[in-house]
Each structure stands twice: as C-alpha cells, then as structure tokens.
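Novice: Got a structure for you, questions after.
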Amino acid sequence: QHTYSAANVYAGLISAAKAAKEMGFHEDAERWNKIAQDIKRAIEKLCWEPGANHFIRSLKMDNGMLIKDFTIDASLLGLVYPFEVFEARDERMVSTVKLIETRLWSPKIGGIKRYENDAYRGGNPWILTTLWLAYYYALIDEDDKAKKLFDWAVEHATSMGLFPEQIHRNTGQPAWVVPLTWSHAMFVMVLKKLMDKGIVK
C-alpha cells in the first residue's frame with residue numbers, strides 16, 4: 001500500500017463528501033469525511049517514521065509481518081499537492097522534502113529523479129518531478145528554490161519548446177518520450193503559481 005495511493009483515496013473521499021453535502025446527502029458526507037479522517041490517521045500512524053524523520057514510500061504485509069519501504073520517493077510530495085493531506089509547512093513534510101531534494105538530485109546535470117535507485121532508463125531526472133518540487137517550494141514561499149527548479153525545466157526543453165519525460169543523467173539531453181503531457185501540465189501549473197506570486201511574467 002503506497003502512501004501516495006492512500007493520500008489519493010483520502011482526497012477523493014474529501015471531494016466526494018463536499019459534493020454530497022452540496023447535494024443534500026448529509027449522512028453520506030459525514031460518513032465519507034469520517035473515513036477520510038481515519039485514512040489520514042492511518043497515514044500518520046503507519047507511514048510516518050520518526051526514527052528516519054520522513055514519510056515512508058509504502059508498506060505491505062508479508063507472513064503476518066508489516067514491512068516498510070523507506071525508499072525516498074518524489075511521489076510523497078502528493079501528501080501536500082494535490083491531495084492536501086498535510087499542510088506544506090508541516091514539519092514532517094519539510095523534513096521529507098529535504099530528503100527528496102538531497103537524495104534525488106541528479107548530481108551531474110541536476111533535476112529530480114523519481115525515487116532512490118530508480119533503474120528505469122538508467123535513472124534519469126524527470127521534468128515532472130522537478131517541477132512538482134518547484135510547486136512545493138512556491139507553496140512555502142521558498143521562491144528562489146522554486147524559480148531555480150522552474151528554470152532548470154525550461155532550460156531542458158527541446159529546441160521546439162517541448163518537454164520530454166526525462167533528461168539524460170549524463171548528457172543533459174531530452175530522453176525517452178517527447179513531448180510528455182504530464183510534463184507540460186505541471187509546467188503550466190507551476191508557471192501560473194509563479195506568475196500569481198510575481199516571480200515570473
């Protein structure tokens with residue numbers, strides 16, 4: 001069970017409860033809100049690891065034993081955006097994001113990889129994950145960091161202004177799928193956020 005998936009279900013239930021309340025289905029709204037809060041408490045109890053000072057990636061049962069995956073994964077950003085399980089400035093998120101930035105930063109050409117020891121296509125940084133981190137930093141008013149990550153993505157677009165899925169970890173060239181809709185969508189969201197803050201025009 002991935003922490004990201006649990007966060008997704010939480011957000012879905014919160015949204016469903018809001019819709020139910022608007023439509024007059026108050027009992028359904030109350031029940032779904034309660035289940036959502038149960039999921040949030042489970043995330044806090046099972047997916048936060050105080051000793052490691054970060055949220056874990058996932059957990060599973062194996063022969064009656066609860067196994068935790070401590071891999072640092074960019075998808076943990078989803079706990080803040082878009083699923084809003086926790087506030088961006090929650091100390092647990094701040095410490096988790098610090099590890100995302102330090103452990104997933106591609107040392108040679110920059111950018112954020114998906115997760116530790118990602119072997120897909122050799123383990124390249126992604127436009128999507130780098131912009132996702134930029135969005136987080138914009139939320140907590142770390143605007144210099146947000147702008148730096150945003151600029152990195154812009155600098156790694158193709159000559160036609162298209163965003164690939166990945167950037168090659170050694171050459172800095174676009175890698176794999178070009179263009180990738182997810183990359184472009186996240187670019188638009190981050191651009192709007194930075195424009196609203198007056199960081200870019």
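The values are calculated or read from the model by the stated rules, or taken from the named source; none is laboratory data. Quick caveat, the model's predicted, so the values are computed rather than measured. Cβ coordinates were reconstructed from backbone atoms using ideal geometry, including for glycine residues, and neighbour counts include every protein chain displayed. These area figures cover heavy atoms from the full protein model, side chains too; ligands, DNA and RNA do not enter into them. Shrake-Rupley method; radii C 1.70, N 1.55, O 1.52, S 1.80 Å.
Novice: Condition check: free of Cβ contacts under 8 Å to residues at least 12 places away in the same chain and either more than 25 Å from residue 134 (Cα to Cα) or open to solvent by 20 Å² or more (accessible area, probe 1.4 Å) (or both). Does residue 69 satisfy that?
Specialist: Here the answer is no, as residue 69 does not meet what is asked.
Novice: To continue, here is another question. Report every pair of residues separated by at least 6 positions or lying on different chains whose Cβ atoms are under 7 Å apart, first residue within segment 10-26 and more than 8 Å from residue 36 (Cβ to Cβ), second of a type in the set (Phe, Trp, Tyr) and assigned to a helix (DSSP H, G or I).
Specialist: Final answer for the pair search is 16/32; 20/32.
Novice: Within segment 1-43, restricting attention to residues that are modelled with pLDDT of 95 or more, under 30 Å from residue 115 (Cβ atoms) and polar (S, T, N, Q), which residue is surrounded by the most Cβ atoms within 10 Å (Cβ to Cβ)?
Specialist: First, pick out the residues of segment 1-43 that are modelled with pLDDT of 95 or more: 2-43.
Remaining after also requiring under 30 Å from residue 115 (Cβ atoms): 2-16, 35-43.
The next check asks that each one be polar (S, T, N, Q); those that pass are 3, 5, 8, 15, 37.
Details: 3: 24, 5: 12, 8: 17, 15: 13, 37: 13.
Ranking the qualifying residues of segment 1-43, first place goes to 3.
Novice: Continuing with the same structure: All but one of (1) of a type outside the set (D, E, K, R); (2) under 17 Å from the mean Cα position of the chain (by Cα); (3) farther than 13 Å from residue 190 by Cα hold for residue 156; which doesn't?
Specialist: Among (1) of a type outside the set (D, E, K, R); (2) under 17 Å from the mean Cα position of the chain (by Cα); (3) farther than 13 Å from residue 190 by Cα, the lone unmet condition for residue 156 is (2).
Novice: Turning to a different aspect of this structure: Output the qualifying pairs, or none if there are none: Cβ atoms under 9 angstrom, residues six or more apart or on different chains, first residue in segment 155-183 and within 15 Å of residue 124 (Cβ to Cβ) and open to solvent by 80 Å² or more (accessible area, probe 1.4 Å), second residue among the hydrophobic types (A, V, I, L, M, F, W, C) and part of a strand (DSSP E or B).
Specialist: 173/167; 182/126
Novice: Taking the condition of being over 11 Å from residue 111 (Cα atoms) and either in a helix (DSSP H, G or I) or open to solvent by less than 30 Å² (accessible area, probe 1.4 Å) (or both), how many residues in segment 133-149 meet it?
Specialist: 11
Novice: Hey, another quick one. Going by what's in this entry, would residue 88 be described as under 15 Å from residue 132 (Cβ atoms), in a loop (DSSP other than H, G, I, E, B) and in contact (Cβ under 8 Å) with a residue 24 or more places away in the chain? Quick ask: steps written out before the conclusion?
Specialist: On the way: under 15 Å from residue 132 (Cβ atoms): yes; in a loop (DSSP other than H, G, I, E, B): yes; in contact (Cβ under 8 Å) with a residue 24 or more places away in the chain: yes.
For residue 88, the condition - under 15 Å from residue 132 (Cβ atoms), in a loop (DSSP other than H, G, I, E, B) and in contact (Cβ under 8 Å) with a residue 24 or more places away in the chain - is met.
Novice: Within segment 40-66, track down each residue that is in a strand (DSSP E or B), of a type in the set (D, E, K, R), without any contact (Cβ under 8 Å) to a residue 40 or more places away in the chain and under 18 Å from residue 5 (Cα atoms).
Specialist: 49
Novice: Taking segment 104-119 on its own, how many of its residues are buried (at least 16 other Cβ atoms within 10 Å of the Cβ) and out of contact with any strand residue (DSSP E or B) (no Cβ under 8 Å at 6 or more places or on another chain)?
Specialist: 1
Novice: State the number of residues belonging to segment 164-201 that are part of a loop (DSSP other than H, G, I, E, B) and of a type in the set (Phe, Trp, Tyr).
Specialist: Matching residues across segment 164-201 total 1.
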